[in-house]
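Input: a single structure, listed below in structure tokens.
The values are calculated or read from the model by the stated rules, or taken from the named source; none is laboratory data. Quantities reported herein were computed from a predicted structural model and do not represent experimental measurements. So basically every Cβ, Gly included, is an ideal-geometry build from the backbone, and we count neighbours across all protein chains shown.
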Amino acid sequence: MNAISIRRAIEADVAAIVAMLADDALGRAREDANLPLAQPYLDAFAAIEGDPNQLLAVMTDGDDVIGTLQITFLAGLSLRGAWRGQIEAVRVASGRRGEGLGQRLLEWAMDKCRERGCRIVQLTTNKSRTDAHRFYERLGFKASHIGYKLEL
């Protein structure tokens, strides 16, 4: 095993990120791993990269991308003007699960949120991802809110 590290994603990582996003039943219905460098993915990467309140990160083992997540830093008036860190799209490559990499990735993300002055970290996860629910609860997250989504 090479040295595992976490860094800001670069455009060359997009294909590996999309492959991880598509690597389950939910992801296969939402993503197109056959077209990871299609313009919508590249446009999204450019928008993320150009926004100082976005951080798309990858975990690497040598040259291999083995994990990813995205943090959005949200300013708000509630909680006395507190910043929030919204963590989304957390994935670890299927062949590397069970090694503690997800915990390491989330702890890194929470440290980034602290560095940015966030008072709270939040995330969403699909109701069907019961293993993920247990994972987040083990890290101290609480299912304190109900979330709603509306596809446009």
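Values computed for the structure shown
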quantity: Out of Ile66, Ile71, sole residue that is closer than 22 Å to Val18 by Cβ and in contact with a Cys (Cβ under 7 Å, 6 or more places away or on another chain); calculated: Ile71
quantity: Flag if Leu55 is closer than 20 Å to Asn126 by Cα and touching a residue at least 40 places away in the same chain (Cβ under 8 Å); calculated: no
quantity: Filtered residues of region 1-22 (kept if under 16 Å from Leu101 (Cβ atoms) and surrounded by fewer than 17 Cβ atoms within 10 Å (Cβ to Cβ)); calculated: Met1, Asn2, Ala3, Ser5, Arg7
quantity: Among the residues listed as Ala93, Ala109, the single one being in contact (Cβ under 8 Å) with a residue 40 or more places away in the chain, within 25 Å of Gln54 (Cα to Cα) and touching a helix residue (DSSP H, G or I) at 6+ places or on another chain (Cβ under 8 Å); calculated: Ala93
quantity: Positions within region 9-28 being among the charged types (D, E, K, R) and either modelled with pLDDT under 90 or under 14 Å from Arg129 (Cβ atoms) (or both), in sequence order; calculated: Asp23, Asp24, Arg28
quantity: Given (1) under 28 Å from Ala3 (Cα atoms); (2) in contact (Cβ under 8 Å) with a residue 60 or more places away in the chain, number of the condition Tyr136 does not satisfy; calculated: (2)
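Every residue, every condition in (1) farther than 13 Å from Gln70 by Cα; (2) not charged (D, E, K, R), yes or no:
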{"residue": "Glu88", "(1), (2)": "no, no"}
{"residue": "Arg96", "(1), (2)": "yes, no"}
{"residue": "Leu101", "(1), (2)": "yes, yes"}
{"residue": "Leu106", "(1), (2)": "no, yes"}
{"residue": "Met110", "(1), (2)": "no, yes"}
{"residue": "Arg114", "(1), (2)": "yes, no"}
{"residue": "Leu123", "(1), (2)": "no, yes"}
{"residue": "Arg129", "(1), (2)": "yes, no"}
{"residue": "Arg134", "(1), (2)": "yes, no"}
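For every residue, the table says whether it meets (1) touching a strand residue (DSSP E or B) at 6+ places or on another chain (Cβ under 9 Å); (2) over 12 Å from Ile87 (Cβ atoms).
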site: Glu107; (1), (2): no, no
site: Glu115; (1), (2): no, yes
site: Arg119; (1), (2): yes, yes
site: Leu123; (1), (2): yes, no
site: Arg129; (1), (2): no, yes
site: Ala143; (1), (2): no, yes
site: Ile146; (1), (2): no, yes
site: Leu150; (1), (2): no, yes
